[in-house]
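As structure tokens, the structure follows; a few thoughts come after it.
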Amino acid sequence: MERLDPDLRALQEVRDCMRRAVEAQRAVAHWSQAQIDDLCRAMAKAGAAAAADLARLAVEETGIGRAHYKVLKNLFATEGIWASIESEPTVGIVRRDEAAGVIEVATPIGVIAGIVPTTNPTSTALGKALIAVKGRNAIVISPHPRAARCIGESAEVLRRAVSRAGGPPDLVQSLSSPTIQSTEALMHHPDTKLILATGGAGLVKAAYSSGKPAYGVGPGNVPVWVDRSANLAEAAHWIVASQSFDNATLCCSEQALVLDAPIAERMLSELGQRGAHLCSPDETRALERLANRGGHMNPDLVGLDPWRVAEMAGFRVSRSTSVLLAHQGGVGPEHPLSIEILCPLLSVHVVDGWERGCEVSFEILRNGGLGHTIGVWATDQRVLEAWYVEKPASRIVSNGPTSQGAVGYSTGLAPSMSLGCGPLAGNITSDNITARHMINLKRVGLRRADWEQRYERDMRRAAELMGDRSAVPRGSMLEGDPALARGGASNGAAAVAATAQSSGSSSLSWAGNPAVSHSAASPSARAASAPRSAPANSQGPRSPRPGEMLRAASAPRLSPIPPGGGDALAMPLPAQGGSGCPLGPCRGCPHQDTKSGACTA
């Protein structure tokens, strides 16, 4: 490995990690629920114990966010997520509903590829590994290159915990020298059974284009509506707290304030009392030049303190500033701060009335956040329900901080560091991804207790709809079934004759279609059935001309006229039925040549 080119070494590492992961996963594939839970409990405990060390390492390596809040994220990703999934069954029979006739059986998926970003590196790695192992899977993590060390250390903490608990440590691995090529190789590896991707839109698209099942997490551009009926002091309190939570590095953190005009000034004043700085027009233009790079956020701003963002833009604010506020006259390319910017910088949009607020919030979501998260502060139930029902967001956080609310920290949503955004964002799910997404569910269908009665009832109904209550389809196993009348006869011709005789009373019985008489057949069919004499100069049978054998094989074969003659049909012959065949319609009949359609009986 030491002599290999770095790119080749990274690719070889993928192969080596995948080989070990497959072996580790096979070792636990048949473990009991208690054994798996012991592993996960040990992992959660170890991750929580290392929360502070991993947080400091993450900030030192990436320069993003604040160590205090990364400790909270690490605790949430271990203790918080474990508390939510500890009692969730993920092994064997997980649900039995005898009344409904369904049994659900959980099986592992296999080896999962986990793609982890630089914004929330340690907490995302801890959370993904925990839910993966809960499903008896192994996970190989491809870290962002700027966070490879802290993510690798997070994986090592979990590996040691798994080993101490008696499990194979290779259930959790992290690539040490990730590259774009090695990440692609991991996603395309034959043994990768599922991809759990958190990152930018390009990475999520690559995951879904890999040909493997994937859970992708789309970008967020989160608008928050503050209605005239809102508790303004409470709204300002939690919006500032949410922006300060690791410097707004969660993709569900607020990005835009949409303020109802009658309360806009008071709301901005409440925010100012909590450390927010309202930018002047010149400061706003400076931020626009800095923060937006060709329609995308400037990555150098992600997770920085507000005072540092201001200095980079060319102006100064107090180091105690909690969040920067900048007015925008609309949404879109002409308003550069209306995009997702993962730092404590909020665009401000003032509109009159909740209906207009609804429209602007939708425009913001459409500008890079469809399907993700939206917030609303109001006490008017009509306004709240409008946001719940109409907004194209998978998570609507009501009267609370979106950073902590969307991930399930401050709300009853499923605790998760990976938030699906649904089809609107090109994602397969709108759920918060958790342990139940890391298992395969098999379903056992038990026969209904009333099945026999229901079957007979539906058969009678079908016969009535066909116009003949006495009709009994062949193979129905009901009384009068022509197949039962055969009595197991081994002589095919005798059985056919017996069936034909026993079923002749019903013109619609699917025991077989009645014979076609010359009067019912078309002139061309009668001509085709008439014997032909050889020409006088014939020297014996001639070889068939090209196409004649195929036409002869596919031509309908007519049965002899039944004794007594006359019309035997009470209704037109079904298109798929054999002419007068007592065995019934041709489709599915073993005597039908599927290539030519000819009868071989």
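The values are calculated or read from the model by the stated rules, or taken from the named source; none is laboratory data. This is a predicted model, so every value here is computed, not measured. Heads up, the Cβs are rebuilt from the backbone with ideal geometry, glycines too, and the neighbour counts pull from every protein chain shown. Each accessible area value is taken on the protein alone, full model and side chains, heavy atoms only, with ligands, DNA and RNA left out. Shrake-Rupley method; radii C 1.70, N 1.55, O 1.52, S 1.80 Å.
Tell me, which residue of segment 243-287 that is open to solvent by 40 Å² or more (accessible area, probe 1.4 Å) and in a strand (DSSP E or B) is nearest to Val317 (Cα to Cα)?
Only one residue fits best here, namely His277.
Taking the criterion of being under 15 Å from Ser394 (Cβ atoms), touching a residue at least 24 places away in the same chain (Cβ under 8 Å) and not small (Gly, Ala, Ser), would at least one residue in segment 434-448 satisfy it?
yes
So, in segment 426-442, exactly how many residues are of a type in the set (A, V, I, L, M) and open to solvent by 40 Å² or more (accessible area, probe 1.4 Å)?
Matching residues across segment 426-442 total 2.
How many residues does segment 22-53 contain that are touching a helix residue (DSSP H, G or I) at 6+ places or on another chain (Cβ under 6 Å) and open to solvent by less than 10 Å² (accessible area, probe 1.4 Å)?
Selection size over segment 22-53: 7.
(1) open to solvent by 20 Å² or more (accessible area, probe 1.4 Å); (2) of a type in the set (Gly, Ala, Ser); (3) modelled with pLDDT of 95 or more: which one isn't true of Ala201, the others all being true?
Answer for Ala201: the failing condition is (3).
If we only count strands (runs of 3 or more DSSP E) wholly inside segment 288-378, which ones have 3 or more residues that are more than 33 Å from the chain's Cα centre (by Cα), in contact (Cβ under 8 Å) with a residue 60 or more places away in the chain and assigned by the TED database to the domain that holds Ala276? Before the answer, list the steps.
Working: elements: 323-327, 345-351, 371-377.
Correct list: 345-351.
Which residues, counting only those in segment 443-468, are surrounded by fewer than 12 Cβ atoms within 10 Å (Cβ to Cβ) and either touching a Cys at 6+ places or on another chain (Cβ under 6 Å) or not hydrophobic (A, V, I, L, M, F, W, C) (or both)?
Once the filter is applied, which keeps residues that are surrounded by fewer than 12 Cβ atoms within 10 Å (Cβ to Cβ) and either touching a Cys at 6+ places or on another chain (Cβ under 6 Å) or not hydrophobic (A, V, I, L, M, F, W, C) (or both), segment 443-468 yields Arg443, Gly445, Arg447, Asp450, Glu452, Gln453, Arg454, Arg457, Asp458, Arg461, Glu464, Gly467.
Could you tell me which numbered condition Arg159 fails, if it satisfies all but one of (1) basic (Lys, Arg); (2) in contact (Cβ under 8 Å) with a residue 40 or more places away in the chain; (3) more than 20 Å from Asp246 (Cβ to Cβ)?
Just one mismatch for Arg159, condition (2).
Can you spot a residue in segment 80-101 that is more than 20 Å from Ser416 (Cβ to Cβ), among the hydrophobic types (A, V, I, L, M, F, W, C), touching a residue at least 60 places away in the same chain (Cβ under 8 Å) and open to solvent by less than 50 Å² (accessible area, probe 1.4 Å)?
Yes, that holds for at least one residue.
Quick check on Val224: is it of a type in the set (Val, Ile, Thr) and either surrounded by fewer than 24 Cβ atoms within 10 Å (Cβ to Cβ) or closer than 14 Å to Val348 by Cβ (or both)? Can you show your working first?
Numbers: of a type in the set (Val, Ile, Thr): yes; either surrounded by fewer than 24 Cβ atoms within 10 Å (Cβ to Cβ) or closer than 14 Å to Val348 by Cβ (or both): yes.
Criteria met by Val224.
Being small (Gly, Ala, Ser), closer than 30 Å to Leu250 by Cα and either at pLDDT below 95 or touching a helix residue (DSSP H, G or I) at 6+ places or on another chain (Cβ under 7 Å) (or both) is the filter here, so list the residues in segment 85-125 that pass it. Before you say what the answer is, go through the steps one by one.
Of segment 85-125, the ones small (Gly, Ala, Ser) are 87, 92, 99-101, 106, 110, 113-114, 123, 125.
Adding the requirement that they be closer than 30 Å to Leu250 by Cα leaves 87, 110, 113-114, 123, 125.
Scanning segment 85-125 gives Gly110, Ala113, Gly114, Ser123, Ala125.
Which residue, of Ser416, Ser394, is part of a strand (DSSP E or B) and in contact with a strand residue (DSSP E or B) (Cβ under 6 Å, 6 or more places away or on another chain)?
Ser394
Being within 16 Å of Ala435 (Cβ to Cβ) and of a type in the set (Val, Ile, Thr) is the filter here, so list the residues in segment 10-53 that pass it.
Scanning segment 10-53 gives Val28, Ile36.
Name the one entry in Leu384, Leu346, Leu370 that is at pLDDT 95 or above and within 30 Å of Asp300 (Cα to Cα).
Values: Leu384 fails: within 30 Å of Asp300 (Cα to Cα); Leu370 fails: at pLDDT 95 or above.
From the options Leu384, Leu346, Leu370, the qualifying one is Leu346.
Just checking, which of Thr183, Thr179 is buried (at least 24 other Cβ atoms within 10 Å of the Cβ) and assigned by the TED database to the domain that holds Arg41?
Numbers: Thr179 fails: buried (at least 24 other Cβ atoms within 10 Å of the Cβ).
Sole residue among the options that is buried (at least 24 other Cβ atoms within 10 Å of the Cβ) and assigned by the TED database to the domain that holds Arg41: Thr183.
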